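Before any comments, here is the structure.
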Amino acid sequence: QEDQNPENIYELTPFSIDEEDNVGYLARSSLAGTRLKAPLRDIAATISVITEEFLDDTGSTDLQELLVYTANTEVLGIGGNFANPNTSVVVGAVQDSQFRMPATNTRVRGLASADLTRDYNATSIAMDSYNTSRVVINRGANAILFGLGSPAGIINNQIHTPVFKDHGEVAFQVGSYDSHRGEIDFEKVLIEDKLSLRVMALNEERFYQQDPAFEHDK
C-alpha cells in the first residue's frame, strides 16, 4: 500500500560541485575522495583541487601550462617540465603525438601517466580552461573509485554547467609571435530554475619561435 502522506517524502540534494564551493584558490569540497560530495579536510587521500581563479591568475589554459605549478606532477610539451623521447621513432612524430594523445603526456608521482577524465568519465579530449570550472588531481590508488586503474591517479576536468543566471563574457589574449586566443561564455535562462542554455566557444592560434610550428584549437 502506497503512503500518500507528503510529509514522508524526502528529496535528496544532488552530489554536485560548483564555483560557490571555492574561496579564491581554496576549494573546500570534492567528489574525488569518496564519489560523494565531501569536505576535503575529511578525505584521507592526496587530492589537489585547482580552482578557476588559479587558472585565470596563472594564465594556464591547458595541462602543459598547469601541471608545472602543481605538486608531484610532470608534463610533456614545449612548456612542460620533463622529456620522454622514444628513440624508435623520429622526433617529429613524438612531438605530434603530444597533441594527438594528451592522456600519455603526463607523469604523476614519478610513476606513470595519469588517467584523464571529464566529469569523472574517461576521455581523450585535452583539457582547456575555456570550459573548465576546476581541475582535480587525485593521486594514487584512490583513483580506482572511479573504475580507472592508473597507479599514478587521475586528472579530472570539471566542465562548466548552467548556473541559471543570464550572463555573458568575452575574453581575448595576445602573445608572442602573433599568437592570439579568443573565448566567449554566454548563458540565457529559458525557463526559470528549469531550463537554461549556456554556450562556450574558443578559437586559439599559437605560434612559436621555430617555424612552421603552431597549434590551432577551435
- When you look at N157, is it surrounded by 15 or more Cβ atoms within 10 Å (Cβ to Cβ), within 20 Å of T61 (Cβ to Cβ) and touching a residue at least 12 places away in the same chain (Cβ under 8 Å), yes or no? yes
- Message: Which numbered condition in (1) modelled with pLDDT under 70; (2) open to solvent by 90 Å² or more (accessible area, probe 1.4 Å); (3) among the small types (G, A, S) is the only one that A93 fails?
- Response: (2)
- Task: Kindly indicate whether G175 is modelled with pLDDT of 90 or more and under 21 Å from N81 (Cβ atoms).
- Result: yes
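List the strands (runs of 3 or more DSSP E) inside region 158-218, counting only whole elements, that have at least 3 residues being within 20 Å of R134 (Cβ to Cβ).
The qualifying strands (runs of 3 or more DSSP E) are 167-174, 180-191, 195-207.
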- Note on the structure: For region 50-68, pairs from a residue that is assigned to a loop (DSSP other than H, G, I, E, B) to a residue that is of a type in the set (S, T, N, Q) and crowded, with 19+ Cβ neighbours inside 10 Å, with Cβ under 6 Å and 6 or more apart or across chains, are T61/S129; L67/T73
- Across region 135-149, which residue is surrounded by the most Cβ atoms within 10 Å (Cβ to Cβ) among those that are without any contact (Cβ under 8 Å) to a residue 40 or more places away in the chain and within 18 Å of the chain's Cα centre (by Cα)? A143
- Query: Restricting attention to region 170-218, and to residues there that are over 20 Å from the mean Cα position of the chain (by Cα) and among the acidic types (D, E), which single residue is surrounded by the most Cβ atoms within 10 Å (Cβ to Cβ)?
  - Reply: E187
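The values are calculated or read from the model by the stated rules, or taken from the named source; none is laboratory data. This is a predicted model, so every value here is computed, not measured. We place every Cβ from the backbone using ideal geometry, glycine too, and count neighbours over all the protein chains shown. The protein model used for the area step is the full one, side chains on, heavy atoms only, and it has no ligands, DNA or RNA in it. Shrake-Rupley method; radii C 1.70, N 1.55, O 1.52, S 1.80 Å.
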